[in-house]
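To start, the structure under review is shown below, and the notes come after it.
The values are calculated or read from the model by the stated rules, or taken from the named source; none is laboratory data. It should be emphasised that the depicted structure is a prediction, and the values quoted were computed from it without experimental measurement. Heads up: the accessible areas ignore ligands, DNA and RNA and are worked out on the full protein's heavy atoms, side chains in. Shrake-Rupley method; radii C 1.70, N 1.55, O 1.52, S 1.80 Å.
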Amino acid sequence: MKHVHPFVYGHVIAAFVAGAVAGTFLDLKAVMVFSSVLAASAVVSVLVCWRWPGFAAAGWKLWLIGCLANPLFLAAVAFSADQYECLLGRRTGWNCMFSDLGPLVAGMCLLPPAGGLLWRWWKRRVAASPA
């Protein structure tokens, strides 16, 4: 069996947990959907991070690429850009009902790469400690 880098475990598991926590405020179906969508997006992000900059790169590069390569993050940013008038308060009404979801989802996508970096740091620390 091939070795899976600790960043991959941390990133995907953190995304799954973040989605599950967000879904617990609604119901079981939301837990399943949110956690699976965030984890699937994290897998895409991890594949991009694996190709460039690589898992041994500096933490800030991995976090930045981990966020920017996440398709859910990109969709949330695009939705927020589309709803910018609602977000700035220039337009109101029924058309602006879900305008706050873009920044919320984008914020949720910022957490999983940090979980991957934390897991990577922990594994390196454990490996470097004397037995």
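Can you give me the % of accessible surface on the chain that is carbon or sulfur? Probe 1.4 Å, all protein chains present, nothing else counted.
With neighbouring chains kept in place, the figure for the chain is 72 percent.
Please give the per residue accessible area of the stretch 1-78, computed with a probe of 1.4 Å over protein heavy atoms only, in Å².
Heavy-atom accessible area per residue stands at 59 Å².
State the extension gain, in nm to one decimal, for the chain segment bounded by residue 9 and residue 57, taking 0.36 nm per residue of separation less the distance between their alpha-carbons.
The span from residue 9 to residue 57 would gain 15.7 nm if fully extended.
Scan the chain and note any complete DSSP helix (H) whose C-alpha atoms cover at least 27 Å along its axis and whose Kyte-Doolittle average is 0.5 or more.
28-51
For the stretch 60-131 and the stretch 1-57, what is the separation of their C-alpha centers, rounded to whole Å?
Distance between centres, Cα-based: 12 Å.
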